[in-house]
1. Checking the structure you have, find out if any residue of the range 174-187 is in a helix (DSSP H, G or I) and open to solvent by less than 80 Å² (accessible area, probe 1.4 Å).
2. Look at the range 45-100 and say how many of its residues are in contact with a helix residue (DSSP H, G or I) (Cβ under 6 Å, 6 or more places away or on another chain), charged (D, E, K, R) and without any contact (Cβ under 8 Å) to a residue 40 or more places away in the chain.
3. Looking at the range 9-18 only, could you name the residues that are assigned to a helix (DSSP H, G or I) and near the ligand (Cβ under 7 Å from one of its atoms)?
4. Go through the range 50-72 and give me each residue that's away from the ligand (no atom under 16 Å from the Cβ) and surrounded by 16 or more Cβ atoms within 10 Å (Cβ to Cβ).
5. Could you count how many residues in the range 73-94 are within 16 Å of the ligand (Cβ to nearest atom) and either part of a helix (DSSP H, G or I) or out of contact with any Ser or Thr (no Cβ under 7 Å at 6 or more places or on another chain) (or both)?
6. Restricting the search to the range 68-94, which residues are touching a strand residue (DSSP E or B) at 6+ places or on another chain (Cβ under 7 Å) and either small (G, A, S) or at pLDDT below 95 (or both)?
7. Just give me the residues in the range 158-184 being of a type in the set (A, V, I, L, M) and touching a residue at least 24 places away in the same chain (Cβ under 8 Å), in sequence order.
8. Would you check if D146 is closer than 30 Å to A73 by Cβ, open to solvent by 90 Å² or more (accessible area, probe 1.4 Å) and either within 16 Å of the ligand (Cβ to nearest atom) or not in a loop (DSSP other than H, G, I, E, B) (or both)?
Amino acid sequence: MGLVERHGMRQLSTGDMLRAAVKAGTPVGLKAKEVMDRGELVSDDIVSALIDDELASMGPEVGAIFDGYPRTAAQADALDTILAKNGRSLAHVIELDVNEDALVERITGRFSCANCGALYHDTANPPTEAGKCDACGHTEFKRRPDDNEETVRTRMAEYRAKTAPILPGYEARGIVSRIDGMGAIDDVAGAIDAILRS
Ligand code: AMP
């Protein structure tokens with residue numbers, strides 16, 4: 001069981017929402033595609049509107065895990081406004097501490113089953129039988145177009161330039177927890193569990 005099921009929360013991933021928009025060919029998707037392929041950031045207004053709509057559709061009893069949002073100071077401000085409008089507030093900000101070279105290796109090697117979405121990695125977690133999904137037996141897999149080394153390096157540069165600077169503001173509010181993101185999946189999930197329970 002994943003974090004979302006264990007805590008009865010909903011994962012709001014702006015990356016997933018944007019990829020769905022690209023796939024569906026919506027105006028937002030058409031605008032976002034090339035920016036995403038380069039690893040740069042999509043405009044603040046677009047992503048904050050996606051989060052605003054999604055949160056408005058959720059009952060107040062369901063908690064939200066924001067994944068990949070906010071990524072800029074303007075998005076952090078927008079999130080405060082959106083949360084206040086919905087009578088919510090931020091309980092925790094979790095910083096995953098990672099080694100960039102190891103992260104590049106993790107991201108460039110990852111792929112998923114085209115049918116059920118099960119996640120794999122070329123060397124760390126390949127399917128038991130090559131070319132066949134362990135979970136559903138499907139034989140087609142997919143990779144994100146932005147999971148190549150050049151784009152991943154741009155995504156990291158964007159993080160350093162625009163996202164890391166929003167952490168001090170959250171630190172001043174006393175809501176930041178930092179965990180080692182390089183551990184095994186279960187250890188990272190366990191550390192996040194402990195924070196969500198605190
Ligand atoms: P992710 O799935 O979080 O790795 O996001 C993939 C890509 O979607 C990013 O490299 C950006 O181009 C775009 N994106 C996702 N979330 C945001 C965000 N909060 N602000 C701006 N761009 C975003």
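1. Within the range 174-187, not a single residue is in a helix (DSSP H, G or I) and open to solvent by less than 80 Å² (accessible area, probe 1.4 Å).
2. 1
3. Selection gives T14, G15, D16, L18.
4. none
5. Result for the range 73-94: 13.
6. The answer is G68, and nothing else.
7. I166, L167, I175, V176, I179, M182
8. no
The values are calculated or read from the model by the stated rules, or taken from the named source; none is laboratory data. Fair warning: this is a prediction, and the values are worked out from it, not measured in the lab. Note: ideal-geometry Cβ built from the backbone for every residue, glycine included; neighbour counts use all protein chains shown. With ligands, DNA and RNA removed, areas are computed over all heavy atoms of the protein, side chains included. Shrake-Rupley method; radii C 1.70, N 1.55, O 1.52, S 1.80 Å.
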